[in-house]
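What follows is a set of notes on a single structure, which appears directly below.
The values are calculated or read from the model by the stated rules, or taken from the named source; none is laboratory data. None of these values were measured; they are calculated from a predicted model. Note that we place each Cβ from the backbone using ideal geometry, even for glycine, and neighbour counts take in every protein chain shown.
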Amino acid sequence: MNHLKNKRIRLVADLLQDQFGLALVHLENMVRGTIYGSIRHKLILKPQNLVTSTPLTTTYESYFGLHSLCQVFDRTNPLTQIVHGRKYCYLGPGGLTGRSASFQIQDIHPSHYGCICPIDTSE
């Protein structure tokens, strides 16, 4: 039950892809609002005024600044980089809640050895 083959680990790329989708929705809403406003006021728009990087920038800034799983990458030596890459978290978005995370679920399974660092992991 606790084997790594039975678990789906969400990578950083998956989380950033979700944030990129949110940023595209914000950009779409912003472009639609700009187009409707220009039609209403009978203005001629340039493509440079339609699409800006503001939704993408604000989405990623808020994600990296406020998300509970974001950490500063420790670059003091290669060993700390390896240890940082082997950390994992059961809690967070798409994971377990504080109530459902029992010790049996968080216990170390033999399949974790050599793949995940149980000492430096927060749980």
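Some points to look at:
- Residue that is surrounded by the most Cβ atoms within 10 Å (Cβ to Cβ), among those in the stretch 38-74 that are of a type in the set (D, E, K, R) and out of contact with any helix residue (DSSP H, G or I) (no Cβ under 9 Å at 6 or more places or on another chain): GLU61
- Matching residues in the stretch 30-53 - criterion: being among the hydroxyl-bearing types (Ser, Thr, Tyr) and over 32 Å from the mean Cα position of the chain (by Cα): TYR36, SER38
- Filter pass, PHE64 being assigned to a loop (DSSP other than H, G, I, E, B) and without any contact (Cβ under 8 Å) to a residue 24 or more places away in the chain: no
- Checked against the criterion of being among the small types (Gly, Ala, Ser) and modelled with pLDDT of 80 or more, the candidates SER62, SER102, SER122, SER111 yield just one match: SER62.
- Filtered by the rule that a residue be in contact with a helix residue (DSSP H, G or I) (Cβ under 7 Å, 6 or more places away or on another chain) and without any contact (Cβ under 8 Å) to a residue 60 or more places away in the chain, the stretch 2-34 gives GLN19, LEU22, ALA23, HIS26, LEU27, MET30, VAL31, THR34.
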